[in-house]
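Enquirer: First, the structure itself, so that you have it in front of you.
The values are calculated or read from the model by the stated rules, or taken from the named source; none is laboratory data. Since we're looking at a predicted model, the values are computed, not measured. Don't worry about glycine lacking a Cβ; one is built from the backbone with ideal geometry, like all the others, and counts go over all protein chains shown.
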Amino acid sequence: MSDDQSEPLKIAVTGTPGTGKTTATELLAERGVDIPVIHLNDEIKEYDLWSERDVDRDDSLITDIEAVKNHLGDWDGLLESHLAHHFDVDRVIVLRCEPSVLEDRLSERGDSEQKAKENAESEALDVVLSEAVDQHGQDAVYEIDTTGRDPEAVADEIVAVIDGDRSPSAGNVDFTGYLLP
C-alpha cells in the first residue's frame, strides 16, 4: 500500500462464499501489505455476534449485524466476509467466480450439495454485486473475476484497489448463462 494515503480507508472484500476472499486477504498479510485485515466470519464466531442458527442451511449462523457494528467500532482496513458490503465502507471489492467452479470449490470444502448449488445460483444472479452497488453506488464497487486465476494475481488486484490504481468496475462479469438449460 502506498504511504501517501491521507486518511484511513475502510474497504470491504466481499463475494459469494468460495470466491477466494480469505485466501486473497491472507496472502496480503503474508506479503506484509500495510493494512489491517479483519476476517469478519472469525470475529462473528469468536465473539458470538450471531442471533440464531439456520437449521435449513447446514446450521449456518445468522449474524447480528448491529452487534457486529458495535463490536467493530471505529475501524479501518480490509473487512473480509460475504457480509462485508453491508457495512459503511469507502470501497467494495466483489470477488466473483464462475458458478460451476464455485459449486465444485464449495463441495470440495465440505458444503452440502444444496448449499453449494444455492451459492452457485446466487453467484449467477449477481446477488452480492447487486447488493454492493445498491448500498454503495457503482463508483465505489470493484469487481474481480477469480475464475481460473492464481490467488497471487487476485491479491495484486486488491492491492491496486487499495492504492487507487484501479478504476471502479461493476457489471463486467456475467455468469447468467449458468442458469440456462
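Enquirer: Go through the range 61-111 and report how many residues are assigned to a loop (DSSP other than H, G, I, E, B) and either over 18 Å from Gly18 (Cβ atoms) or out of contact with any Leu (no Cβ under 8 Å at 6 or more places or on another chain) (or both).
Expert: Total meeting the criteria: 15.
Enquirer: Another question about this same structure. Inspect the range 82-93 for any residue being surrounded by fewer than 16 Cβ atoms within 10 Å (Cβ to Cβ) and more than 15 Å from the chain's Cα centre (by Cα) and give the result as yes or no.
Expert: No: zero hits.
Enquirer: Let me ask you something else. Within the range 15-38, work out how many residues are in contact with a strand residue (DSSP E or B) (Cβ under 9 Å, 6 or more places away or on another chain), in a loop (DSSP other than H, G, I, E, B) and among the small types (Gly, Ala, Ser).
Expert: 2
Enquirer: For the range 41-72, name all the residues that are hydroxyl-bearing (Ser, Thr, Tyr) and modelled with pLDDT under 85.
Expert: Correct list: Ser51, Ser60, Thr63.
Enquirer: In addition: Scan the range 148-159 and give yes if some residue there is closer than 22 Å to Leu106 by Cβ, in contact with a strand residue (DSSP E or B) (Cβ under 9 Å, 6 or more places away or on another chain), aliphatic (A, V, I, L, M) and assigned to a helix (DSSP H, G or I), otherwise no.
Expert: Yes - at least one qualifying residue is present in the range 148-159.
Enquirer: Look through the range 154-173, keep the residues that are modelled with pLDDT of 95 or more and either more than 14 Å from Ile93 (Cβ to Cβ) or among the hydroxyl-bearing types (Ser, Thr, Tyr) (or both), and return whichever of them is surrounded by the most Cβ atoms within 10 Å (Cβ to Cβ).
Expert: Only one residue fits best here, namely Ser169.
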